[in-house]
1. Criterion first (exposed (fewer than 14 other Cβ atoms within 10 Å of the Cβ) and either more than 23 Å from THR266 (Cα to Cα) or of a type in the set (Gly, Ala, Ser) (or both)) does GLY42 satisfy it?
2. Can you tell me which residues in region 317-335 are open to solvent by 80 Å² or more (accessible area, probe 1.4 Å) and modelled with pLDDT of 90 or more?
3. Got a number for residues in region 277-299 being open to solvent by 10 Å² or more (accessible area, probe 1.4 Å) and either closer than 27 Å to ASP12 by Cα or charged (D, E, K, R) (or both)?
4. Please verify whether region 2-25 includes one or more residues that are of a type in the set (Phe, Trp, Tyr), modelled with pLDDT of 90 or more and closer than 30 Å to VAL329 by Cα.
5. Please enumerate the residues belonging to region 46-58 that are closer than 23 Å to GLU162 by Cα and modelled with pLDDT under 90.
6. Being part of a loop (DSSP other than H, G, I, E, B) and small (Gly, Ala, Ser) is the filter; apply it to region 228-256 and report the residue that is nearest to LEU210 (Cα to Cα).
7. Could you list all residues from region 49-97 that are open to solvent by 90 Å² or more (accessible area, probe 1.4 Å), in contact (Cβ under 8 Å) with a residue 40 or more places away in the chain and not in a helix (DSSP H, G or I)?
8. Got at least one residue in region 259-266 being open to solvent by 30 Å² or more (accessible area, probe 1.4 Å), under 30 Å from LEU109 (Cα atoms) and in a loop (DSSP other than H, G, I, E, B)?
Amino acid sequence: MALWRIRTAVEDRPGGLAGVVGVLADHGGDIVGLSVHTDVSGVVDEFVVDLPGGHTEAVRALAEHCPSGTVTAVPAQRREVGDDVTRALLLTARLRAHPNALPDALGELLLADDARWTNLTRAESALEGADGTAAGTAMLVPVGPLRGVLVVRSSRPFTWTESSRADALVRSVMPSTGPVPTDRVVRTPQGLGLSLRQVREADAPALRDLHQRCSEETVRNRYLAGVNELSPRMVRVFCDAERGLTLAVRPQGREEPVALGHLMYTLDPGVGEIAFLVEDAWQGSGVGTALTRALTVIAADWGLAEVRAETTLGNTGMLRIMRRLGASVRTRSGTWVHARLPVAEALQTDPGEQVRRVGRFARLMKRG
């Protein structure tokens, strides 16, 4: 058995995966493992393949079949064949008894060359490649605002999905706090308290009033089309838990909502879509930033690796927020904009989330 771990971006079209499988089969490849990742380049598939005749010709054929994506191949071990979910659950169970073994567990989860405790200052040179590491092959997994685990894997860069998995493993050993509540109070960067509450069908009159108070430009930026009024069907979509989550935002002490935030499921693995509508009079007051942070924390709770947003070049407020949180922004057809935000990276920029983590970490170390 000659095992190879092959990674390539599969074209997003019907039959795209079948074409890759066909190329591997033509070269005698037997696929014994498959995982789907979200990465800066989009959706990336990683195969563990038994290639008795060697991997060179198979990789060359894949590169010709997938000209838009980079194909990488590294040797794999027998122990890497198995279910990723099962391995992660076993590591979590092991960490509950030995929480200080977190670096070893992260190294095993990510098939890394090295994983060790570090502080943020020491990690900077490795993350920037100053110590000779290639870009993307070192990743800092925060456990608090001052300390984390530096993970290094020279053979291939870490994906956003792997970053999300590492973050989930860290949280699995923290003192239990339960899922992030959807109905809660958050604060804007200026300190304004905002009450978030999941939308219900009974909120329809207040939501219609909110849309009527918004300008045509604000509504168009949200829906990418003109919307005269909020229809009953749209309210049902907002309230459908199978589609995702919609939050109404009310400044503390006020009954009427001034904004709506949406986190919706997509068909892409590990990817959610966010959108929000902020009443004109409240734009520029930090409501959109606080709402986006809150939705990203919930996305992490759902196990998503990425949130994305579709908007226009004219929606400068949303683009500014997404860029501030670390999103990559790409213009399409001269007008439309596609923003992609890695969830784990966005959480690192959230001071409130870091404060909560350092408190949990202190309790963890006291217990461990």
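1. Details: exposed (fewer than 14 other Cβ atoms within 10 Å of the Cβ): no; either more than 23 Å from THR266 (Cα to Cα) or of a type in the set (Gly, Ala, Ser) (or both): yes.
Here the answer is no, as GLY42 does not meet what is asked.
2. Step one: filter region 317-335 for residues open to solvent by 80 Å² or more (accessible area, probe 1.4 Å), giving 320, 323-324, 330, 332-333.
Within region 317-335, ARG320, ARG323, ARG324, ARG330 qualify.
3. The total comes to 3.
4. no
5. none
6. The initial filter retains those residues of region 228-256 that are part of a loop (DSSP other than H, G, I, E, B), namely 228-231, 240-243, 252-256.
Next cut, small (Gly, Ala, Ser) only: 231, 241, 253.
Details: SER231: 13, ALA241: 22, GLY253: 17 Å.
Looking at residues that are part of a loop (DSSP other than H, G, I, E, B) and small (Gly, Ala, Ser), I get SER231.
7. PRO52, SER68, THR70, GLN77
8. Looking only at region 259-266, we keep the residues that are open to solvent by 30 Å² or more (accessible area, probe 1.4 Å), and these are 264-266.
Okay, now just the ones that are also under 30 Å from LEU109 (Cα atoms), so 264-266.
Adding the requirement that they be in a loop (DSSP other than H, G, I, E, B) leaves 266.
Yes, region 259-266 has at least one match.
The values are calculated or read from the model by the stated rules, or taken from the named source; none is laboratory data. In this text the structure is predicted, and so the values were computed from the model without any measurement. Virtual Cβ from ideal backbone geometry, glycine too; neighbours counted across all protein chains shown. All accessible areas refer to the heavy atoms of the entire protein, side chains included, with ligands and DNA or RNA removed. Shrake-Rupley method; radii C 1.70, N 1.55, O 1.52, S 1.80 Å.
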